[in-house]
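In what follows, a single structure is set out as structure tokens and then discussed.
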Amino acid sequence: MDNSQKITNEIIQVSGMGQDKQEAVADGLSKISKIVRKKNEITVQITPLSIEIDKAECKEYTERFLFIFLPRKRSIYNVSMSIKIEIKYMDLSEIDFTEKQIKDPNGVRLPGLNSLRSSKGS
């Protein structure tokens with residue numbers, strides 16, 4: 001069998017948003033597998049090699065109930081990252097599948113049908 005596993009390095013851009021710093025970074029990192037899944041056939045492993053924060057910001061605002069009651073400060077964190085990743089994947093075009101003809105495994109077998117076929121042939 002051939003070794004159909006391939007390794008490639010890529011730099012991808014992701015961004016995340018959340019109500020605290022940890023949630024914003026976790027949201028960005030969770031998008032890595034979705035981006036890689038679109039590009040490659042079958043991903044075996046994704047390894048981040050380096051993470052660079054391009055932009056990190058916190059937006060604060062005051063939220064009020066019915067526009068005047070119970071004011072409270074709220075924050076929204078946004079982070080944009082450049083992540084260098086190593087992707088191990090399988091290249092399906094290099095796998096040679098052998099083809100065999102078989103009977104339909106989902107076919108319905110009728111008890112009287114086989115005896116009819118054998119009597120027609122004779």
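The values are calculated or read from the model by the stated rules, or taken from the named source; none is laboratory data. Here the structure is a predicted model, which means the values were calculated and not measured. As a convention, Cβ positions derive from the backbone with ideal geometry for all residues, glycine included, and neighbour counts pool all protein chains shown.
Can you say whether S75 is assigned to a helix (DSSP H, G or I), on the phi < 0 side of the Ramachandran plot and not charged (D, E, K, R), as far as the supplied structure shows? So S75 does not fit the description; no. Taken over region 1-52, the criterion of being within 17 Å of K88 (Cβ to Cβ) and touching a Pro at 6+ places or on another chain (Cβ under 9 Å) is satisfied by I32 alone.
Of the residues making up region 82-100, those that are hydrophobic (A, V, I, L, M, F, W, C) and not in a strand (DSSP E or B) are L92, I95, F97. Restricting V14, V36 to residues that are in a helix (DSSP H, G or I) and surrounded by 12 or more Cβ atoms within 10 Å (Cβ to Cβ) narrows the list to V36. Residues in region 1-35 that are among the small types (G, A, S) and touching a residue at least 12 places away in the same chain (Cβ under 8 Å): S4, S15, G16, G18, A24, G28, S30, S33. How many residues does region 40-66 hold that are more than 22 Å from N78 (Cα to Cα), without any contact (Cβ under 8 Å) to a residue 24 or more places away in the chain and within 28 Å of the chain's Cα centre (by Cα)? Of the residues in region 40-66, 0 are more than 22 Å from N78 (Cα to Cα), without any contact (Cβ under 8 Å) to a residue 24 or more places away in the chain and within 28 Å of the chain's Cα centre (by Cα). Contact annotation: residue pairs with Cβ atoms under 8 Å, 6 or more positions apart or on different chains, pairing a residue in region 74-100 that is at pLDDT 90 or above and loosely packed, with under 14 Cβ neighbours inside 10 Å with a partner that is among the basic types (K, R) and not in a loop (DSSP other than H, G, I, E, B), are S75/K59. Looking at region 1-20, which of its residues are within 14 Å of I35 (Cα to Cα) and among the charged types (D, E, K, R)? Within region 1-20, E10 is the sole residue that qualifies.
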